[in-house]
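The values are calculated or read from the model by the stated rules, or taken from the named source; none is laboratory data. All of these numbers come straight from a predicted model, not from anything done at the bench. So basically every Cβ, Gly included, is an ideal-geometry build from the backbone, and we count neighbours across all protein chains shown. Ligands, DNA and RNA are excluded from the accessible area calculation, which covers all protein heavy atoms including side chains. Shrake-Rupley method; radii C 1.70, N 1.55, O 1.52, S 1.80 Å.
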Amino acid sequence: MQKCLIVQVLGNSDIQIDSNNARDRLGNCYSNEEINEAAQKCKTKYAEGRHAVNFRFLSELHRQLTGEAEYTFCVLLTDQTQWLNCNRQAPEDWQRIAISDGHWWRELLLEWCHREGLICQPVEVTVKPEISHGVADWEAMAELVHGVLKTHIQYKNETATFAAFGSIFDKILIQHSSGTAALSSALYLWGIEQRLTNQNVEFIYLAQEEGGSKSTAHSGSHWQRRLKAPQVSQLIDIQDFGGALGVNIERDDS
């Protein structure tokens, strides 16, 4: 069976605790310590059976893709702790900004994946103090995500190795509907760059249906075609490939 690595950012709306957005559990926290304590309390209550937890996008992907391949999830968890310590000091900054990060939910995520039978490796994405606008910084997030994934994913021939497991994957699938606009775009851009180097990367976008109870997965094939069209036009402008249209290429499918 084909092995596939699914890469996505953990967005603050991806986690549900007792059918509510998990971010609501951190809404009254105004410091690093308070946020951490609240997140740990959620994990403890889940372990004791007092909370119902669902990582809805991971769950939906697992449901829709089961049987197609053997999947491993690489979940990117943002951490703006250093950035906040150096750039913002007011308690409301922690309450407004920090609670959107994914790293608070690392232990809960691992426990949930274990119960659901999902193979998951969280990867923390640390936002450094010198980044101007935290996870909302488009240019910085593109560079940061690229650097993190370059460290964790290496290519050899037509396969990819995920350093955390030492496992080899035939395909990478990017779920890019989670996280801030800057983060989801950075992840999509990274995937496009890999495709341009002929790596086996595909895209999937989870669109929430009306009512919010279910999400539908959409492939990125249409967007990929739209992105490739300008590249083809540029190639034709650079060099005349017209002669290739008259060449009869025989395929050997044996």
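Annotation for E124 and S13: the two label points, set 7 Å from Cα along the Cα-Cβ direction, are 2.7 nm apart. Considering Cα pairs under 8 angstrom that are at least six residues apart, work out the relative contact order of the range 1-68 and quote it in whole percent. For the range 1-68, the relative contact order is 35 percent.
Given R0 = 35 Å, the distance between the Cβ atoms of R88 and L110 translates into a calculated FRET efficiency of 0.75. Accessible surface of Y71, taken over heavy atoms with a 1.4 Å probe and every protein chain present, rounds to 40 Å².
Return the distance in nm (one decimal) between the two label points of a simple spin-label model at D24 and E70, each offset 7 Å from Cα along Cα→Cβ. Taking the simple label geometry, D24 and E70 are separated by 4.0 nm.
Using r as the Cβ-Cβ distance of S132 and S59, and R0 as 30 Å, what FRET efficiency do you calculate, to the nearest 0.05? Between S132 and S59 the formula returns 0.30. For H152, the solvent-accessible surface with a 1.4 Å probe is about 50 Å², rounded to the nearest 10. Using a simple spin-label model with pseudo-atoms 7 Å out from Cα toward Cβ, N198 and T159 lie 1.8 nm apart.
Sorted from longest to shortest, the spans of the Cα atoms of the range 53-143 along the three principal axes equal 47, 27, 16 Å. Take the alpha carbon gyration tensor of the range 3-219, find the square roots of its eigenvalues, order them as a ≥ b ≥ c, and report rounded if a/c is under 1.5; if not, report prolate when a/b exceeds b/c, else oblate. Cα axes put the range 3-219 in the oblate bin.
Peptides 3-10, 140-147, ordered by how many other C-beta atoms sit within 10 Å of their residues on average, highest first, read 3-10, 140-147.
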